[in-house]
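Let me begin by presenting the structure, written as structure tokens, before commenting on it.
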Amino acid sequence: MVAIIDYDAGNIKSVEKAVFSLGQNAVVTREADTILAADHVILPGVGAFGDAMERLRRYTLIEVIKEVVDHRTPFLGICLGLQLLFESSEESAGVKGLGILPGKIVRIPEQNDLKIPHIGWNSLHFPNQGRLFRDIPEGAYVYFVHSYYLQAREPEIVTASTEYGVNIHAAVEKDNVFACQFHPEKSSEVGMTILKNFLNISDESAGSVREDK
């Protein structure tokens, strides 16, 4: 069973539909027991970083998400869901992210020939091998909608990047945590292959991200 975390951040139905189309049972939920019992967990989302963190806190989902990660359950953040996994965002000064992965979210710089937000199809480069991109060719196109982008502090976790005025860290992987700035559920056959690859990852092979403090 795939749990899709519902924290009123949008982009839920398209992800649910994509998972169903791959023959998997998807449950949209914010119930801790359901999320913790899932074989795979997805955190989608669009909107503002600070508002999203406030909703995760209100629905007592922050510790649930960290427990999922600790349990080595394959976890996928999509778009805003990627950004929330990191430490902070220029969009919401003073608001702490989940801090599961090290890095920060910054605004795409203004340039005369580039529109912000970045909306559209861009090609991917793979600086490090990532399990999400098995059978995906270099240069494959995926669909982006965002004004802020990731600067990961650990370059070795970056499995895909793209260019939009700057080098954008478009996907990351560390043990059982995966995340995409782009929308695989809106990226045609390439995106469906990415989601299928995620759903084929088992917790036994995922490893563990967080260390006991």
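The values are calculated or read from the model by the stated rules, or taken from the named source; none is laboratory data. Every value quoted in this text rests on a predicted model; they were computed, and no experiment measured them. Cβ sites come from the backbone with ideal geometry, for glycine too, and all protein chains shown count toward neighbours. What goes into the accessible areas is simple: the full protein's heavy atoms, side chains included, and nothing from ligands, DNA or RNA. Shrake-Rupley method; radii C 1.70, N 1.55, O 1.52, S 1.80 Å.
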Could you tell me the distance between the Cα centroids of the stretch 4-37 and the stretch 76-103, to the nearest Å? 20
Can you give the accessible area per residue of the chain, in Å², using a 1.4 Å probe? 45
Label model pair LYS115, GLU189: point-to-point distance (7 angstrom along the Cα→beta-carbon line) in nm is 2.8
If a/c stays under 1.5 just call it rounded; otherwise compare a/b with b/c (prolate if a/b is bigger, oblate if not). Do that for the stretch 141-185, with a ≥ b ≥ c from the square roots of the Cα gyration tensor eigenvalues. oblate
Under 1.5 on a/c is rounded, so check that first for the chain, then, if it is not, pick prolate when a/b is larger than b/c and oblate when it is not; a ≥ b ≥ c are the square roots of the alpha carbon gyration tensor eigenvalues. rounded
Shape call for the stretch 89-213, from the Cα gyration tensor axes a ≥ b ≥ c (a/c under 1.5 means rounded, otherwise prolate when a/b beats b/c, else oblate), comes out oblate
Can you list which of the chymotrypsin sites (Phe, Trp or Tyr not before Pro) found in the stretch 47-83 are DSSP loop residues with at most 16 other C-beta atoms within 10 Å? TYR59
Share of accessible surface on carbon and sulfur in the stretch 96-184, whole %, 1.4 Å probe and ligands ignored, is 47
Percent antiparallel among DSSP beta bridges confined to the chain, rounded to 5, stands at 60
Sparse-neighbourhood loop hits (trypsin sites (Lys or Arg not before Pro), the stretch 70-169; DSSP loop; Cβ within 10 Å at most 15 others) -> LYS96, LYS115, ARG134, ARG153
